[in-house]
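The values are calculated or read from the model by the stated rules, or taken from the named source; none is laboratory data. These figures come from a predicted structure and were not determined experimentally. Neighbour counts are summed over all protein chains in view; Cβ atoms, including those assigned to glycine, are modelled from backbone coordinates with ideal geometry.
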Amino acid sequence: MSARPAVTSEKYISRHSIAHCGDGYQVTFFCALCGYHITIGEIMTESEGEALISCEKLARKPFNGCRKCFRWVCDEHFNMGKMICVECETAISKRKPHIIQRFKAINE
């Protein structure tokens, strides 16, 4: 059971692992930047894909979707004011000022 990225129902990418348990599936979602995770218990579906879609809806609350790289990250690794993860924020701040201004204009 290894964490793997997948394109989720919206355009955001979640790191997750799926385990078959009993008559259903258990899905664990991870922050893309740290070890924070949440596990959604036994979901009764016919396929892993259906389990992933069902569990995403439940797991979305403690995660944030970065509007630049589209990864799921925890609150600690998300800049709510800019709606991007701290990794993208660092990358943008290292770029030339005109690029930063353009990014700000797009997100306002």
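Within the stretch 39-66, track down each residue that is of a type in the set (D, E, K, R), over 15 Å from Gln26 (Cβ atoms) and touching a strand residue (DSSP E or B) at 6+ places or on another chain (Cβ under 6 Å). Quick ask: steps written out before the conclusion?
Going residue by residue through the stretch 39-66, those that are of a type in the set (D, E, K, R) are 42, 46, 48, 50, 56-57, 60-61.
From what's left, over 15 Å from Gln26 (Cβ atoms): 46, 57, 60-61.
Correct list: empty.
Would you kindly identify the strands (runs of 3 or more DSSP E) lying entirely within the stretch 3-108 that contain at least 2 residues that are modelled with pLDDT of 85 or more and among the charged types (D, E, K, R)?
Working: elements: 4-7, 13-21, 24-30, 37-43, 63-65, 72-74.
Per the criteria, no element qualifies.
Restricting to the stretch 68-83, and then to whatever is within 19 Å of Phe29 (Cβ to Cβ) and in contact with a Lys or Arg (Cβ under 9 Å, 6 or more places away or on another chain), can you tell me which residue is surrounded by the most Cβ atoms within 10 Å (Cβ to Cβ)?
Filtering first and then ranking leaves Trp72.
Taking interchain pairs and intrachain pairs at least six residues apart, which have beta carbon atoms under 7 angstrom, with the first residue in the stretch 38-62 and farther than 27 Å from Cys85 by Cβ and the second in a helix (DSSP H, G or I)?
If the second residue must be in a helix (DSSP H, G or I), the pairs left are Ile43/Ala51; Ile43/Ser54; Ile43/Cys55; Thr45/Ala51; Thr45/Ser54.
Just one of the numbered conditions (1) farther than 19 Å from His20 by Cα; (2) in contact with a Leu (Cβ under 9 Å, 6 or more places away or on another chain) is not true of Ile38; which one?
(1)
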